[in-house]
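K.L.:
Quick one: structure below, then a few questions.
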Amino acid sequence: VQLQASGGGLVQAGGSLRLSCAASGSIFSGKTMGWYRQAPGKQRELVATVTRFGTPNYADSVKGRFTISRDNSKNTMYLQMNSLRPEDTAVYYCAAGSPALGMDYWGKGTQVTVSS
């Protein structure tokens, strides 16, 4: 397994979850990492990305609530999700590569469900 996401679950609105994505070193180092999500009946959308230097970028819908980070020594990326809303309910995927050109590697998703 090259990318493995974990940490999803069921949480009430206003709650928090922390997602993790463990990657093999060969695809983690030197690459931009990102979190995407897909809700039922909707297209997959970008949630946040973090460059190899740690520079984050967020979708407007999660700014101020989610924080993306990475630990290059552990080949792991994180997504701290606070103030969760029912509309955040989706399968969350981690990916590596170029957001502009298309991510090269994808992990299996982890389900996040936010109840109202």
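K.L.:
Mind checking the per residue accessible area of the chain for me, 1.4 Å probe, whole number of Å²?
P.N.:
Ligands and nucleic acids excluded, the figure is 52 Å² per residue.
K.L.:
Applying a 10 Å radius around every beta-carbon, put 10-19, 103-112, 89-98 in order of their mean neighbour count, most first.
P.N.:
Descending mean neighbour count gives 89-98, 103-112, 10-19.
K.L.:
Lys pairs in the chain, Cα-Cα under 21 Å, at least 8 apart or on separate chains: how many?
P.N.:
Close lysine pairs found across the chain: 5.
K.L.:
Could you calculate the FRET efficiency of residue 29 with residue 63 from 1/(1 + (r/R0)^6), where r is the beta carbon distance between them and R0 is 30 Å, rounded to 0.05?
P.N.:
Taking R0 as 30 Å, the efficiency between residue 29 and residue 63 is 0.65.
K.L.:
Counting helices only, and only those DSSP H runs with n ≥ 4, report the 222 nm mean residue ellipticity of the chain as the sum of -39,500 (n - 2.57) divided by its residues, in deg cm²/dmol to the nearest 500.
P.N.:
-500 deg cm²/dmol
K.L.:
How big is D for the chain, in µm² s⁻¹ as a whole number, if Stokes-Einstein is applied with the Kirkwood radius of its Cα pairs at 25 °C and 0.890 mPa s?
P.N.:
Reported coefficient: 177 µm²/s.
K.L.:
Nearest 20 debye, what's the magnitude of the dipole of the chain about its Cα centre given +1 on Lys and Arg Cβ and -1 on Asp and Glu Cβ?
P.N.:
Once rounded to the nearest 20, the dipole reads 100 debye.
The values are calculated or read from the model by the stated rules, or taken from the named source; none is laboratory data. In this text, all values refer to a predicted model and were calculated from it rather than measured experimentally. Cβ coordinates were reconstructed from backbone atoms using ideal geometry, including for glycine residues, and neighbour counts include every protein chain displayed. Please note that ligands, DNA and RNA were not included when accessible areas were found on the heavy atoms of the full protein model with its side chains. Shrake-Rupley method; radii C 1.70, N 1.55, O 1.52, S 1.80 Å.
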